[in-house]
1. Under 20 Å from a point placed 7 Å out from the Cα of residue 4 along the Cα-to-Cβ direction: which residues of segment 252-290 have their backbone N that close?
2. Just to be sure I understand the model, the point goes 7 Å from the Cα along the line to the Cβ. What's the resulting residue 197 to residue 267 distance in nm?
3. Please report 359, 5 as a ranked list, fewest other C-beta atoms within 10 angstrom at the top and most at the bottom.
4. Under 20 Å from a point placed 7 Å out from the Cα of residue 176 along the Cα-to-Cβ direction: which residues of segment 210-239 have their backbone N that close?
5. Once you place label points 7 Å from the Cα toward the Cβ at residue 156 and residue 223, how far apart are they in nm?
6. Nearest 500 deg cm²/dmol is fine: what mean residue ellipticity at 222 nm does the chain get from its DSSP H runs of n ≥ 4 alone, each adding -39,500 (n - 2.57), divided by its residue count?
7. Which whole-number value in Å³ per residue fits the convex hull of the alpha carbons of segment 359-440?
8. So if I average 1/r over every pair of distinct C-alpha atoms in the chain and take the inverse, what Kirkwood radius in Å does that give?
């Protein structure tokens with residue numbers, strides 16, 4: 001593909017499709033009362049997954065796009081943990097039974113910022129109100145700068161089985177520009193502390209599109225990462241959205257790579273990871289061939305949710321904490337993003353959901369198509385529409401919107417099967433967007449396609 005074509009597509013902005021419909025289309029039509037009825041209707045035999053959001057860090061990195069705030073003292077974090085325990089109780093009481101749990105994921109922010117007594121209290125609440133199934137994955141996101149041998153011991157005692165370390169980039173100039181200085185020895189020591197307590201499943205998050213990144217620096221970052229033996233890699237494109245995240249204004253926009261340069265950086269990192277034996281998983285994940293995620297990708301059971309690509313097969317994801325998003329069989333729910341309002345609602349004994357989206361038949365159909373495109377780079381439209389009890393005419397508009405991508409060789413259509421070509425894989429979100437019935441009416445600004 002020529003450079004001008006690369007630039008034209010790479011600069012387009014579309015959702016990341018960790019859900020469909022996407023979060024900007026959630027409304028107040030879904031609130032606490034509807035969520036209560038959805039929780040009460042959960043099938044007792046179906047496993048669920050849990051997500052806990054801890055929106056605190058010691059300091060905010062310039063590049064951060066997460067819902068978090070700085071907490072230099074422990075007091076607000078301790079108070080927050082107490083409300084998490086209360087919310088777990090509220091939700092469990094509403095469900096009315098001790099459901100089985102297949103996956104637990106802690107995100108943030110920096111969830112390990114919870115002091116040890118608070119962290120243990122939240123884990124105790126989870127294990128007393130839910131049943132952790134055999135083989136359940138219990139994962140947590142970690143800032144390598146906060147990992148100590150004592151923290152590692154606590155995580156192991158709590159049953160953590162997988163960690164994700166926010167590495168991003170090892171180059172000193174890039175780290176300074178993005179407001180997160182963590183030299184290689186810091187990450188090395190964090191990995192050693194986790195492995196010393198038996199936590200072997202360690203993911204690294206890397207980023208491209210950061211200020212002052214070059215092909216050389218990103219290759220060096222991959223090389224250094226490989227020395228530490230991660231089991232999975234997530235390679236995310238930096239989303240520069242200073243109109244939404246004001247602290248990103250601290251990043252010098254002149255130092256950011258352009259759309260074509262971002263695409264080249266992503267390709268460089270992808271090639272370096274492949275050379276180290278990592279298999280590409282969907283748009284932005286990589287795993288060793290014997291990893292569970294690689295097996296899921298191979299057998300067509302890979303899924304996508306708010307944590308990105310996952311092996312989690314549960315249809316229900318229950319979110320806890322301010323701003324957390326959950327998925328129920330009936331639709332999506334989101335807690336109040338304001339920590340104070342979320343806390344007051346929980347203290348008052350109210351489920352803190354403030355918006356969401358009840359799914360209709362068309363949402364389910366298009367969501368299934370988008371998920372398969374994002375996970376498999378192909379989708380059999382005849383099979384999906386038949387499974388949803390409709391004809392191909394129901395999604396004819398999406399096929400029509402693929403015309404430009406097809407003409408430029410990014411998409412191939414064979415009968416009723418849509419295939420993302422090798423050249424089109426970096427642009428799979430654009431193909432997914434063709435089936436998004438809400439995108440034309442969206443006022444939200446999204447991140448670059450690559």
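Taken together, the values in this text are just the output of simple stated rules run on the coordinates, not laboratory data. All of these numbers come straight from a predicted model, not from anything done at the bench. We place every Cβ from the backbone using ideal geometry, glycine too, and count neighbours over all the protein chains shown.
1. Under cut-off, by backbone N: 258-264.
2. With each label point 7 Å from Cα toward Cβ, the separation is 4.3 nm.
3. Exposure proxy ranking, most exposed first: 5, 359.
4. So the set is 210-221.
5. Result: 3.3 nm between the two label points.
6. Numbers: 16 runs with 167 residues, N = 450.
Mean residue ellipticity at 222 nm (helix-derived): -11000 deg cm²/dmol.
7. Convex hull of Cα atoms, per residue: 86 Å³.
8. Working: mean 1/r = 0.0441 Å⁻¹.
Across the chain, the inverse of the average 1/r is 22.7 Å.
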